[in-house]
Amino acid sequence: MLKKLFGSPVGKKLVTGITGLGLVGFVLLHMVGNLALFSGDQAYNEYSEFLTGMGPLFYLVEAGLLAFFVFHIVTGIKIAIGKRRARPVGYDRYQSAGAPSRQTAASRSMIVTGMILLVFTVFHLISFKFGPGGPGNDDVAYLVAYDGGEPIRNMALLVRERFASPLYAFGYTAVMLLLILHLRHGVWSALQSLGAMKPSISGLVYTVGGLLGAGTGIGFLFVPMALYFNLI
Amino acid sequence: MQIKLKVWRQKGPRDTGRFEEYVVPDANPHMSFLELLDVLNEQLIMEGKDPVEFDHDCREGICGSCGVVVDGVAHGPQQRTACCQLHMRHYKDGDSIVVEPWRASAFPIIRDLVVDRSAFDRIIGAGGYVSVSTGAAPDANAIPIPKVVVDEAFDYAACIGCGACVAACPNASASLFTAAKISHLALLPQGQAERAQRVVNMVDQMEAEGFGDCSNHAECEAVCPKGISIKGIATMRREYIKATLSQ
Amino acid sequence: MAALPDSKVPAGRLQEKWDSYKNSIKLVNPANKRKHDIIVVGTGLAGGAAAASLAELGYRVKSFCIQDSPRRAHSIAAQGGINAAKNYPNDGDTVWRLFYDTIKGGDYRSREANVHRLAQISNSIIDQCVAQGVPFAREYGGMLDNRSFGGAQVSRTFYARGQTGQQLLLGAYQAMSRQIAAGNIEMFARREMLDLVNIDGRARGIITRNLVTGELERHIADAVLLCTGGYGNVYYLSTNAKNSNVTAAWRCHRRGAHFANPCYTQIHPTCIPVSGEYQSKLTLMSESLRNDGRVWVPKKPGDPRAPETIPEDERDYYLERRYPSFGNLVPRDVASRNAKYVCDEGRGVGETRLAVYLDFTDAIKRLGEQAIRERYGNLFEMYQRITGENPYKVPMRIYPAVHYTMGGLWVDYGLQSSVPGLFVLGEANFSDHGANRLGASALMQGLADGYFVIPYTLGDYIASSRLEAASTKHDAFDEAENAARTRIERLLSIQGGKTVTEFHRELGHIMWDHVGMSRTREGLTTAIGKISTLRDEFWQNVRVPGDNAMHNKNLEFAGRVADFLELGEVMALDALTREESAGGHFREEFQSAEGEAKRNDAEFSHVAAWEYSGDPSKPVLHREELDFENVKLTTRSYK
């Protein structure tokens, strides 16, 4: 039954939809968390310490996220391959017929934006999570102690250093713009895939999906831009 | 008015095919797009060339035989219109038009603009019916059906099976076609007995025919001559999930 | 010359004939049905319904269609509705009334027993279709809705928006699809029947051309059902689909099936007028429009004013004026002929002056635009799409167009033609509509024949005939296949100076001018001469491109036009021979002082069945007298 549910054309979309929405939730929290930096370095570092300090629960969430990523990516690739197989010869000229079509640059490029986001995520983990002061990379320079407490990881310092580089700041910004594109189609599409779409609210969901995508992406831009232009 | 045409020519399924360009010097704004092709063909025959083969029959937008991609849009620029009812008044003197067949591996090209859409028949055969043999029916008014329900069922039943949804879909998915029949029958009391089995079998057949997956571009709805809504695809998925979980 | 077979109408009271027929026929044992192959040509309402029903019963069915899918048969284009004597509206309808209206509508030129059976079966059709999931229009309480149609004073028409034919056909197609998937029907799409194969005097097979590869194929069976529709495309311009043709029926005619009443053609009054020579087909708009639209022309010939600027007292609502009790809802033939008259008087409208107005201004005032949109929205849209004019603002322009052919292959009560084993269903036969068909009756007849008549009558034939074992290697198959091949080769070898379409268009002009809405002795004689000359020229000067071994639409059309060129002449001959006016056949010499059709019951109360003699110009006439034991022949009056 599960094989049928997840292996079929409906199932594939179900998997991408569910995992997609899960990842959206994660990304949204991540974005809000990042904004802690605006409350000062200490708040930011304590927030980071709070998360890693949760221990087994934190690892469980991480494992879940990893699984979501893997399923999301695998089905996404399957769909992209299926698409090539279903139309090996393309059109000489092709254009959208316009509304009610929801075909956009965003919807057409899900596999491309998705792949870039994947590469980015790996790189992002290496530079932050597994960066100086991170697991397996003890570096006392990236530890800080507040009010005589135990030293904790100085994430804020790492973030400040990284985003001082224009390459890093603008590269990150560019990827976040792609994330906006990915979520522009993704959020709405996930809800349609889950079969949850009530016709009367379809337009609303499409708009909300777009706003949510844009909001998340833009939210991520505050930290790097503020840092790069020395605003905080 | 003068119209230039760039038309896909392909002698058979194994031929590689190519575009050829033609000029129709005296098109009339009142003629339909297919009548333009008729005029072109009369010209080609008298020049000793093979006319362009294309499927067509009722020429009033209901049989679903015709269907070509006109300037990159299935059935051409006028929405809710099959290309047999696309009139040349939408064009002006000197325009050029690119004409291509439906492209999908599940719709192999037979010749020029003619494609094989028998995959659709097999999807219907997998469950797109109510199993009621002739003579077994109760009185027509025995089961009242609310007007709103039957109206919605009709919106789906209006599908003409032309294949534009597949042609326009960036993934060449047949989800709108399949969903339309599933939604039509799922709404009606007559369709309940086979409801679960129907959706599972039809979706499986759709996959077996080699159509792509739906990525919710909704391009299908925009080119559908009957304007069938992708909310049917949401219904199909709901039905499928319910059916699979209850199996 | 073979005499016309007996019509085999059962004895007894009219109301009991069908039951007593069913009681007396032989049945085929369920286990034995499996041993019989049945060929069904055509997948419209008649063919689709027959193939599905016979397969359900256990026969092995081979089904053929010229389109790429059985779902595309031209029944799909029927808009308005389907009649049945359900009497749901409680307005006084009965089986008898439906029977009577149909006989009267047909101008007393159909068989009482057949028509009565049709009316009896009508109710079961609606039941069957609803059970299949056909989304007929309903009222808010959930019950089926009915509307009125031309030629009746009760509301007995069931409908599914303006797409009733589509929905009924999809019902039959889906029933077929179930049987195809179950292996009980073997489906052959993109096949054209090119000949009938008779063995020992019985129809035992057909020759088909695979329209993709050009291959000629042999198919054998115990009976052949021809469900190939009408021959309206003989007029070139008609509301028929481009692929609708007479070839299958005509090939059967040449193999011994008599062609009955070919001159009875229905010209539908509400079509979109012709706009130019390039025109490839005409589009009908359901006559249900006449429920709310008012037909008029200016009183003054050649009035150049725009319709909305012509004052009320300068308009002639000619149908309401001449037929006060039926008004705009007179039967089709009457409405069409009157449109021709006013145009002949120079009072036609539009660029070509070959159109009349169908005006909804009053209805919109009375009911509001929204109500009109709900009733006719899709028809209005279609009109606007084709003409570029908005009918909510400007009156529609309409003109009659060839729509349906009441004539067809002669069949007996059991739908069997004069060739044993060849059954003819739906529009392809001549049986139920007499000289004129009422609106919403074609769908009724197609489905009645397919769902509820043929399962019984075919069974009787199978059970009571000794069918010798035969194979496709039989000489008769060789002969038929060779004839088909020779003909194709000949068509391809001429390479003359005119295309198939040019010939077809020319034939159409001759037919429309002389064998159209109004016919004369002189015109018909001229037509016969012209058609025969055109036929000769066709075989000298047609140019068919390409070759046989490919998808070649022009080659398909060439064969069909060649057959139309033979049929057209027989139509004209039939019209010339029938010296009376009846229904769709109007002879100017035979009319009342008020210009109404005048029948000659003493001499022409018969079916004219033409037998092929070997020379298409010299068919042999057989007559089947029509006995009216139950209805009194009156002059049709809709005043």
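Each reported figure results from applying straightforward, stated rules to the coordinates on display, with no laboratory input. Note that the coordinates shown come from a computational prediction; the quantities given were computed from them, not determined experimentally. Backbone-built Cβ (ideal geometry, glycine too); neighbour counts: all protein chains shown.
Tell me the mean residue ellipticity at 222 nm calculated for the protein assembly as shown from its helices only (DSSP H runs of n ≥ 4, each -39500 (n - 2.57), averaged over every residue, nearest 500).
Details: 35 runs with 473 residues, N = 1118.
Mean residue ellipticity, 222 nm, calculated: -13500 deg cm²/dmol.
Using only Cα atoms and rounding to the nearest 10 degrees, what angle (0 to 90) does helix C:454-464 make with the longest principal axis of chain C?
So the helix axis and the longest Cα principal axis differ by about 30 degrees.
Setting aside same-chain residues fewer than 8 positions from residue C:35, which lysines have a Cα under 19 Å from its Cα?
C:26, C:62
If you bin the C-alpha pair distances of chain A every 5 Å from 0, what whole percents do you get?
1, 6, 11, 16, 17, 15, 12, 8, 6, 4, 2, 1, 0, 0
Compute the distance from the alpha-carbon center of the range C:128-207 to that of the range A:19-47, in whole Å.
The range C:128-207 and the range A:19-47 have Cα centres separated by 62 Å.
Using a Gaussian network model of chain A with C-alpha springs under 10 Å, which one of A:177, A:211, A:125 is most mobile by mean-square fluctuation?
Fluctuation is largest for A:125.
Cα centroid distance between the range C:29-76 and the range C:560-603, in Å?
Rounded to whole Å, the Cα centres lie 34 Å apart.
What whole-number volume per residue, in cubic angstrom, does the convex hull of the C-alpha atoms of chain C give? Could the numbers behind the result be given before it?
Details: hull volume 95.1 nm³, N = 639.
Output value, Cα hull per residue: 149 Å³.
Which residues make up the longest stretch of chain C that has no GluC sites (Glu not before Pro) in a DSSP loop with at most 16 other Cβ atoms within 10 Å? List each step's numbers first, then the result.
On the way: sites that count: C:139, C:215, C:277, C:345, C:351, C:389, C:468, C:579, C:588, C:589, C:594, C:629.
No qualifying site falls inside C:1-138, the longest such stretch.
Report, ordered by chain and residue number, the aspartates and glutamates lying within cross-link reach of residue A:4, taken as a straight Cα distance under 20 Å and ignoring same-chain residues fewer than 8 apart.
B:194, B:204, B:207, B:209, B:213, B:239
Which number comes out as Rg/Rh for the range B:117-245 once both Rg and the Kirkwood Rh are worked out on C-alpha atoms? Kindly include the intermediate steps, with their values, before the conclusion.
Values: Rg = 14.5 Å, Rh = 14.9 Å.
Reported Rg/Rh (Cα atoms, Kirkwood Rh): 0.97.
Per residue of B:236-246, how many C-beta atoms from partner chains lie within 10 Å of its own C-beta, taken as a mean? Numbers along the way, then the final one.
Details: counts 3, 12, 5, 2, 9, 6, 1, 3, 10, 3, 1.
Across B:236-246, the average partner-chain Cβ count within 10 Å equals 5.
Of the beta bridges DSSP finds with both residues in the protein assembly as shown, what % are antiparallel, to the nearest 5? Spell out each step's value before the answer.
Values: 61 of 86 bridges.
The antiparallel proportion sits near 70 percent.
Sequence neighbours fewer than 8 away in the same chain don't count; with that in mind, list the aspartates and glutamates whose C-alpha is under 18 Å from residue C:618.
The qualifying aspartates and glutamates are C:536, C:563, C:566, C:569, C:574.
Which angle between 0 and 90 degrees, to the nearest 10, do you get for helix C:45-57 versus the longest principal axis of chain C when only C-alpha atoms count?
That works out to roughly 40 degrees.
Roughly how many whole Å is it from the C-alpha centroid of the range C:441-482 to that of the range A:51-112?
56 Å
Taking beta carbons within 10 Å but only from partner chains, what does the mean come to for residues C:413-424?
Details: counts 0, 0, 0, 0, 0, 0, 0, 0, 0, 0, 0, 0.
Neighbouring Cβ atoms belonging to other protein chains average 0 per residue here.
Using DSSP to define loop residues, name the chymotrypsin sites (Phe, Trp or Tyr not before Pro) in the range C:131-166 whose beta-carbon has at most 16 other beta-carbon atoms within 10 Å. Spell out each step's value before the answer.
On the way: sites: C:136, C:140, C:149, C:158, C:159; in loops: C:136, C:140, C:149, C:159.
Those satisfying the criteria are C:140.
Just to be sure I understand the rule: take each whole DSSP H helix in chain B, project its Cα atoms onto its long axis, keep it if the span is 18 Å or more and its mean Kyte-Doolittle hydropathy is at least 1.0. Which ones pass? It would help to have the intermediate numbers written out before the result.
Numbers: long enough: B:33-46 (20 Å, 1.06); B:195-208 (20 Å, -0.46); B:231-245 (21 Å, -0.34).
Span-like helices in chain B: B:33-46.
Projected area of the range C:269-403, taken from the Cα convex hull and averaged over every viewing direction, in nm²?
Numbers: hull surface 31.6 nm².
Over all viewing directions, the range C:269-403 projects a mean Cα-hull area of 7.9 nm².
Please report, in Å, the Rg and the Dmax of the range B:4-161, where both are computed over Cα atoms only.
In Å, with Rg to one decimal and Dmax whole: 19.7, 63.
Taking springs between alpha-carbon atoms closer than 10 angstrom, which of B:39, B:199, B:73 fluctuates most in the Gaussian network model of chain B?
B:39
Does the range C:188-247 come out rounded, prolate or oblate by the C-alpha gyration tensor, with a ≥ b ≥ c the root eigenvalues, rounded set by a/c under 1.5 and, if not, prolate when a/b is larger than b/c and oblate if not? Display every interim value, and only then the final one.
Working: a/c = 2.82, a/b = 1.56, b/c = 1.81.
Cα axes put the range C:188-247 in the oblate bin.
So if the hydrodynamic radius of the protein assembly as shown is defined as the Kirkwood radius over C-alpha pairs, what does Stokes-Einstein give as its diffusion coefficient at 4 °C and 1.567 mPa s, in µm² per second? Write out the running numbers ahead of the final one.
On the way: Rh = 31.9 Å.
Approximately 41 µm²/s, per Stokes-Einstein.
Based on the alpha-carbon set only, what is the convex hull volume of the range C:475-606 divided per residue, in Å³?
Working: hull volume 17.3 nm³, N = 132.
Each residue corresponds to 131 Å³ of Cα convex hull volume.
Compute the helix-to-body angle for C:164-181: its Cα long axis versus the longest principal axis of chain C, expressed 0 to 90° and rounded to tens.
20 degrees
Among B:110-123, C:439-452, how do they line up by average Cβ neighbours within 10 Å per residue, starting with the highest?
So the peptides B:110-123, C:439-452, ranked by packing, come out C:439-452, B:110-123.
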